[in-house]
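Heads up, the thing below is written out as structure tokens.
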Amino acid sequence: MSVGAIIVAAGRGTRLGGDRPKQLLHIGDRSMLRRSVEAFDRHPGVDVLVVVLPPELVAEGPTLVGRTARPCHFAAGGERRQDSVGNGITQLPAEVDRVLVHDAARPFVSRAVIDRVLDAVGTHAAVVPAIPARDTVKRVDRDRHLVTATLPREEIWLAQTPQGFRRDVLVEVMTAGGGADATDEASLAERAGRPVAIVAGEDANVKITTSDDLRAARARVAPGPRVGTGYDLHRLVDGRPLVLAGVRLTDDRGPLAHSDGDVLCHAIIDALLGAIGGGDIGRHFPNTDPRWKNAAGLDLLARTVEMTRAGGHIVSNVDATIVLERPKLAPHVGRITSALAGVLGIETDRVSVKAKTNEGVDAVGRGDAIAAHAVAMLVPEAG
Ligand code: MG
């Protein structure tokens with residue numbers, strides 16, 4: 001048994017905006033078409049793919065779809081839907097005996113739905129995933145805008161794709177369908193008197209038709225806020241300056257470090273890197289690299305903020321705690337906060353710097369070390 005998936009993307013509808021057909025519009029980082037193709041390319045039960053495109057786009061097919069793990073062929077769309085599917089079938093290798101036909105406008109089809117259709121097409125010649133209607137369904141006289149009947153809801157199911165067929169049956173019903181214009185292949189099978197089995201579809205397997213659908217689809221994949229934590233500690237020795245966020249606190253006792261030992265900036269850098277899943281400060285600014293010898297913490301922080309921006313995130317807020325026995329930090333907190341806000345590119349009320357002592361406990365409490373903790377929240381850059 002060999003399974004071919006035909007992804008129908010032959011529509012020319014551009015009403016969702018732009019001059020490209022809607023299946024080429026992006027949802028997040030890739031097009032609706034690409035998402036639909038990926039769903040089948042990743043499914044272990046699918047052997048070969050055929051993508052049906054508007055004739056003028058067939059040459060662009062490989063670029064539009066991108067690299068696939070399975071062989072992917074292209075076909076030109078026809079006048080009607082069944083002509084497009086018919087053209088797709090001709091591209092299937094001879095050994096393919098089961099065919100899934102999917103609308104590219106359903107980019108969220110899950111592996112589970114494909115599984116159910118594939119399982120059922122082992123026993124039934126034609127299979128449709130569907131969900132039961134939950135709203136009360138009315139038949140309407142469209143000219144007069146009047147309800148003519150309320151349909152028994154239990155009998156109403158909403159058909160989705162992929163629809164699955166034995167290849168010979170699909171070819172037969174499409175030929176038998178003759179001049180009829182069908183919105184799905186199952187209805188051709190019904191007209192030909194073939195039983196069509198139902199398996200459970202999914203609410204999430206929506207067809208993107210309206211601009212509201214498109215907006216909801218984009219919201220669904222939009223990156224959310226991200227949070228990260230950071231911590232740093234340095235030993236304190238005599239004769240070194242103590243610098244936090246570029247603000248010099250004293251000259252007589254400061255951190256022993258390869259860099260400037262700015263624990264506050266280092267902790268915030270790790271929080272930012274943590275939020276983007278970007279490793280830690282040692283990976284990006286290794287202390288074995290002479291470039292970072294005596295590097296200012298504020299400068300490394302600025303470079304890190306650039307990394308988060310490159311990934312489409314901006315800093316929403318930062319909260320930090322410095323643990324230090326002396327000197328007192330309170331007189332410096334205002335300047336430290338403004339320096340951080342400037343580099344983070346946010347308002348000062350989104351930067352919190354708190355100071356604590358360690359109550360004489362441990363190395364920090366004895367005045368032999370300084371530590372800092374930080375939490376950073378990043379949000380997707382608008383637009
Ligand atoms: Mg450090």
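The values are calculated or read from the model by the stated rules, or taken from the named source; none is laboratory data. Note that the structure is a prediction, hence the values are computed from the model and not measured. We place every Cβ from the backbone using ideal geometry, glycine too, and count neighbours over all the protein chains shown. These accessible areas exclude ligands, DNA and RNA; they are computed on the full protein's heavy atoms, side chains included. Shrake-Rupley method; radii C 1.70, N 1.55, O 1.52, S 1.80 Å.
Distance check, please: which entries in LYS328/LYS354; LYS293/LYS328; LYS22/LYS138 exceed 18 angstrom between their Cα atoms? Flagged as over cut-off: LYS293/LYS328; LYS22/LYS138. Over the chain, calculate the relative contact order: mean separation of alpha carbon pairs under 8 Å at least 6 apart, over the residue count, as a percent. About 13 percent, as a whole number.
Here the dipole of the chain is about 400 debye; that uses its Cα centre as origin and unit charges on the Cβ of Lys and Arg (positive) and Asp and Glu (negative). Over the chain, with a Gaussian network built from C-alpha contacts below 10 Å, which listed residue (HIS73, HIS266, HIS332) shows the highest mean-square fluctuation? In this elastic network of the chain, the residue with the biggest mean-square fluctuation among HIS73, HIS266, HIS332 is HIS332. Pair-distance distribution P(r) for the chain, from all Cα-Cα distances in 10 Å bins starting at 0: 5, 19, 20, 13, 11, 13, 11, 6, 2, 0 percent. The convex hull defined by the C-alpha atoms of the stretch 3-221 has an orientation-averaged projected area of 12.9 nm².
Across every pair of different alpha-carbon atoms, what Kirkwood hydrodynamic radius in Å does the stretch 167-244 reach? If you can, show how the numbers build up before the last one.
Details: mean 1/r = 0.0521 Å⁻¹.
Its Kirkwood hydrodynamic radius stands at 19.2 Å.
For LYS207, the aspartates and glutamates whose Cα falls under 17 Å of its own Cα, not counting residues fewer than eight places away in the same chain, are GLU38, ASP103, ASP184, GLU185. To the nearest ten degrees, helix 111-120 and the longest principal axis of the Cα atoms of the chain are 20 degrees apart.
Before anything else, pin down the relative contact order of the stretch 3-221: Cα pairs under 8 Å, at least 6 apart, normalised by residue count, whole percent. List each step's numbers first, then the result.
Values: 436 pairs, mean separation 49.2, N = 219.
Once normalised by length, the contact order is 22 percent.
Taking the Cα centre of the stretch 226-380 as the origin, how large is its charge dipole in debye, to the nearest 20, when only Lys and Arg (+1) and Asp and Glu (-1) carry charge on their Cβ atoms? Result for the stretch 226-380 is approximately 140 debye, rounded to the nearest 20.
Carbon-plus-sulfur accessible fraction, the stretch 219-329 (probe radius 1.4 Å, protein heavy atoms only): 51%.
Would you please calculate the Kirkwood hydrodynamic radius of the stretch 43-99 over all C-alpha pairs and express it in Å, rounded to one decimal?
Computed over the stretch 43-99, the radius equals 11.9 Å.
Solvent-accessible area of MET1, all protein chains in place: 140 Å² (probe radius 1.4 Å, heavy atoms, ligands and nucleic acids excluded).
If you restrict to DSSP beta bridges whose two residues both lie in the chain, what percentage is antiparallel, to the nearest 5?
Numbers: 42 of 68 bridges.
Given both bridge residues lie in the chain, the antiparallel proportion sits at roughly 60 percent.
Pairwise inverse Cα distances across the stretch 121-211, averaged and inverted, put the Kirkwood hydrodynamic radius at 14.9 Å.
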